[in-house]
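The values are calculated or read from the model by the stated rules, or taken from the named source; none is laboratory data. Nothing here was measured: the structure is a model prediction, and the numbers come from that model. Every residue, glycine among them, receives a Cβ derived from its backbone with ideal geometry; neighbour counts consider all protein chains shown. All accessible areas refer to the heavy atoms of the entire protein, side chains included, with ligands and DNA or RNA removed. Shrake-Rupley method; radii C 1.70, N 1.55, O 1.52, S 1.80 Å.
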Amino acid sequence: MILPHANPDPASTVRLPETAVSLRGVTKAFGSGNLTVHALRGIDLDLAAGQLVMLVGPSGCGKTTLVSVISGVLDADAGQCKLFGVDWKSLSGEQKTARRAELVGFVFQSFNLLAPLSAWQNVAVPLIIRGMSQAQAKGPACDALAAVGLGDRTEARPSQLSGGMQQRVAIARALVGKPRLLVCDEPTAALDAKTGQTVMDLILAASKRVDDQGRGCCVIVVTHDNRIFHYADRIEEMEDGRFKEAPADFIIAEARHHT
Amino acid sequence: MWRIAIAMLLGDKPKYLALVCGLAFAVLLISQQCAIFMGLLIRSTGPLQNVRQADLWVTDPAIKWISETRNLAESDLQRIRSVPGVLWAEPFFTGRAAADLPSGATRIVNLIGIDRTTMVGQPPLVTAGRLEDLRIEGGVLVEESSRAKLDNVSIGDTLKLNDKRAVVVGYCQAKPGFDSPAVVYTTFANAITFQPLGRNTVPYILVKVKPEVGVEAVRASINALPGVKALTWSELNAITIRFILIETGIGINFFITVLLGLVVGLAVSGAIFYQFTMENARAYAVLKAMGTKNWKLIGMVLIQAAWVGLIGYGIGVGLTGLFTLQSRRPGTELAALFPWQLLVGAFVGMIACISVGSFLSLQKVLRLEPGVVFK
Ligand SMILES: Nc1ncnc2c1ncn2[C@@H]1O[C@H](COP(=O)(O)OP(=O)(O)O)[C@@H](O)[C@H]1O
Ligand SMILES: [Mg+2]
């Protein structure tokens, strides 16, 4: 389901794209007895680095649960869930935490910026988590803000920024640590169409970026928002804890047709 | 991370202020009540602190505390003087007398009578007049801070003590007793004319021991006699403090107040701090999802607790310190003592207060599912 524009550089088509995410038979249930909710009912999925994959489907079908499991925030009940070849199950709690800090960037629907911190301080958080001092982190944090077009708002508090700007700060925060997996849960749901496009442009750019070792970033975007489907390299549609059988390529084709 | 923790704390001004004020209030309550309490305890032994010359205080075995004893007979003085090893033994009077002031008002005073020849038990400092003038019939030295209570009597003024004429011959400095009465010094002979007491007139006999015999031996010999008890300075001190602490009910009352301060501090700061953490649960979850290790989250909570704790502590003991300084000013009725042990005690109290909040908060933070960040 990899679309032509996914690999604009012909040289890289020679190399097989690295497998970022590999899921086999992943299940996850919440609650017990009569109240059990089967959020994931056996998910198989392979995602390559350098791709922008969208997870779509009705509310409550398990999209958030799936990205939580992929990013190591939630433990699967059964099945295998590998991120860059390492099964989350084989790691201790502290190791999982360290691996998230090293590999994963998050963008949330509700931004989740820390209100008392300025924009650049928010962006610096992942670097500080990795052990940098605030002073060391300031430079890269401001650069990351500049990259999302907020170079002049580094000192602003989240409350002084519009929703779109806050989400751009959140993207800068997600990208500042050069993650290999970027997980975005409904990143445009709280934004108007135009701001949503700006945010998606930034997320798309992140999926095209390669690090100094030539490795790409795997980007997963959970969304309801059909206005942004055309950004996807690949779309997976979920229903009731499973992937729908029919490939969702037509959605992309249709979306591209309309833009 | 600690900068982030502090920024979170300062980001919520109302809670931050409430936390600091709550802790400051608790520390103030605890330390100030303890300071007053210790001040009162020390004050209760004031009459004892004025007299350091004697090795032993001999009195009736029924003694309750320094200001409450049964008098001995004057004949006991001879009995004590004939105990082997006694260098000297002199009577020491302390008791109450009603003073009729020039203005016509009446005031109860603490009348202290010392031996007219040796002047054993004399006030620590004579600030005006001469000690020897006490030998004048009816001569009294008025303790300086007591003068205000006695219509500011001056040298040469006369007043009546238990209807007997007394004349002020000078001023002195001495520590007052538990209920801070006006203190008036005179000779033992004068004292018993002011205070006709029947046969038994001697509250205390002050004893100096011959160095070659030793205090213990002499004390044992005196205690072997019927109807008298010899106490060292520290024993009398301990008896007095014990009496005030237990028999007056003051101990339990102060204890309750201190406990209340602790409970208020624990409850208020614990509840506010926990609520603060609850409201920041999402921020902690975000940090957790982004890969912050548990020990760093613990550190963040503890730094926040320590921050408000130390500021609250500083304000609380600072206010108590000001209060204590105020109580040192001459003429105040406040009694307060602020030894370093109290600083440590209040610190422990503060730690107790914030540890409840931190403990609850840590439970919350460590159990937090990072998955909630997607909600
Ligand atoms: N922590 C949880 N506890 C109980 N049920 C949950 C929890 N998280 C998700 N669910 C349930 O799992 C199902 C899938 O949820 P979710 O993955 O959030 O769906 P989506 O993101 O597609 O809207 C829903 O029915 C939801 O109610
Ligand atoms: Mg969701």
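Distance between Cα centroids, region B:202-249 to region B:318-375: provide it in whole Å.
Cα centres, region B:202-249 to region B:318-375: 41 Å.
Find the accessible area per residue for the protein assembly as shown; the probe is 1.4 Å, ligands and nucleic acids are left out, and the unit is Å². Don't skip to the answer; put the middle values down first.
Values: 27510 Å² over 634 residues.
On a per-residue basis, 43 Å².
Net charge near residue B:126: determine it from the other residues with C-beta under 11 Å of the C-beta of residue B:126, scoring Lys and Arg +1 and Asp and Glu -1. Could you put the intermediate results ahead of the total?
Details: positive: B:130; negative: B:132, B:133, B:143, B:144.
Local net charge: -3.
For region A:111-128, just list the computed ³J(HN,Hα) in residue order, Karplus coefficients 6.51, -1.76 and 1.60, θ = phi - 60°, integers in Hz, with x standing in for Gly and Pro.
6, 6, 7, 8, 4, x, 9, 6, 3, 5, 5, 4, 5, 6, 3, x, 6, 5
To the nearest 10 Å², what's residue B:52's accessible area with a 1.4 Å probe?
150 Å²
Enter the angle in degrees (range 0 to 90, nearest 10) between the Cα long axis of helix A:163-176 and the first principal axis of the Cα atoms of chain A, meaning the one along which they spread out most.
Between the helix axis and the principal axis of chain A, the angle is about 80 degrees.
What lysines sit close enough to residue B:149 to cross-link, taking a C-alpha to C-alpha distance under 23 Å and skipping anything fewer than 8 places away on the same chain?
Here the lysines satisfying the reach criterion relative to residue B:149 are B:160, B:164, B:175.
Through the Karplus equation 6.51 cos²θ - 1.76 cosθ + 1.60, θ set to phi - 60°, convert the phi angles of region A:129-146 into ³J(HN,Hα) values in whole Hz; use x for Gly and Pro.
4, 7, x, 6, 7, 4, 5, 5, 7, 4, x, x, 5, 5, 4, 5, 5, 4
Residue by residue, what Karplus-based ³J(HN,Hα) values in Hz, rounded to whole numbers, does region A:84-93 have, using 6.51, -1.76 and 1.60 with θ = phi - 60° and x for Gly and Pro?
6, x, 10, 6, 3, 5, 7, 10, 6, x
Using a 1.4 Å probe on protein heavy atoms, which residues of region A:55-79 have at least 40 Å² less accessible area in the complex than alone?
Buried-area filter returns A:73.
For region A:101-149, state which residues have at least 30 Å² less accessible area in the presence of all protein chains than in their chain by itself, taking the probe as 1.4 Å and leaving out ligands, DNA and RNA.
For region A:101-149, once contacts with the other chains are taken into account, A:106, A:108, A:112, A:114, A:116, A:117, A:125, A:128, A:129, A:134 lose 30 Å² or more.
Of B:307, B:233, B:295, which is the most mobile in a GNM of chain B whose springs link Cα atoms less than 10 angstrom apart?
Judging by the Gaussian network model, the answer is B:295.
With all protein chains present, how much of the accessible area of region B:56-231 (probe radius 1.4 Å) comes from carbon and sulfur, to the nearest whole percent?
Details: 3830 of 7500 Å².
Of all accessible area on region B:56-231, carbon and sulfur atoms account for 51 percent.
Where does chain A land at 222 nm, in deg cm²/dmol rounded to the nearest 500, when only DSSP H runs of n ≥ 4 count, each adding -39500 (n - 2.57), divided by all residues?
On the way: 8 runs with 89 residues, N = 259.
My calculation for chain A gives -10500 deg cm²/dmol from helical runs alone.
Please list the non-local residues whose amide H lies under 5 Å from the amide H of residue A:238, H modeled 1.01 Å from N, same-chain partners needing a gap of 5 or more.
A:56, A:57, A:244
Roughly how large is the A-B contact in terms of buried accessible area, totalled over both chains, probe 1.4 Å, nearest 100 Å²?
Numbers: alone 12240 and 17410 Å², together 27510 Å².
Approximately 2100 Å², summed over both chains.
Using DSSP H assignments, which helices in chain B have an axial alpha-carbon span of 18 Å or above and a mean Kyte-Doolittle hydropathy of 1.6 or higher?
Qualifying helices, which must be both long enough and hydrophobic enough, are B:250-279.
Where does the charge balance sit around residue B:55 when Lys and Arg score +1, Asp and Glu -1, over other residues with C-beta under 11 Å from its C-beta? Intermediate results must be reported in sequence, preceding the final value.
Numbers: positive: B:52, B:208, B:210, B:219; negative: B:216.
My count for the surroundings of residue B:55 gives +3.
For a 22 Å ceiling on Cα separation, which of these pairs sit above it: A:89/B:293; A:63/A:89; A:96/B:15? Please list the in-between numbers first.
Working: A:89/B:293 18 Å; A:63/A:89 20 Å; A:96/B:15 34 Å.
From A:89/B:293; A:63/A:89; A:96/B:15, over 22 Å: A:96/B:15.
Using R₀ = 45 Å, calculate the FRET efficiency as 1/(1 + (r/R₀)^6) where r is the Cβ-Cβ separation of residue B:155 and residue B:216; round to 0.05. Let's see the in-between values first.
On the way: r = 44 Å, r/R0 = 0.98.
Calculated transfer efficiency: 0.50.
Run the simple label-point estimate for residue B:17 and residue B:75 please: 7 Å along Cα→C-beta, distance reported in nm.
My value for the distance between the label points is 7.6 nm.
With a 1.4 Å probe on protein heavy atoms only, tell me which residues of region B:1-36 lose at least 30 Å² of accessible surface in the complex relative to the chain by itself.
The answer is B:1, B:3, B:4, B:7 - residues whose exposure falls by at least 30 Å² when every protein chain is included.
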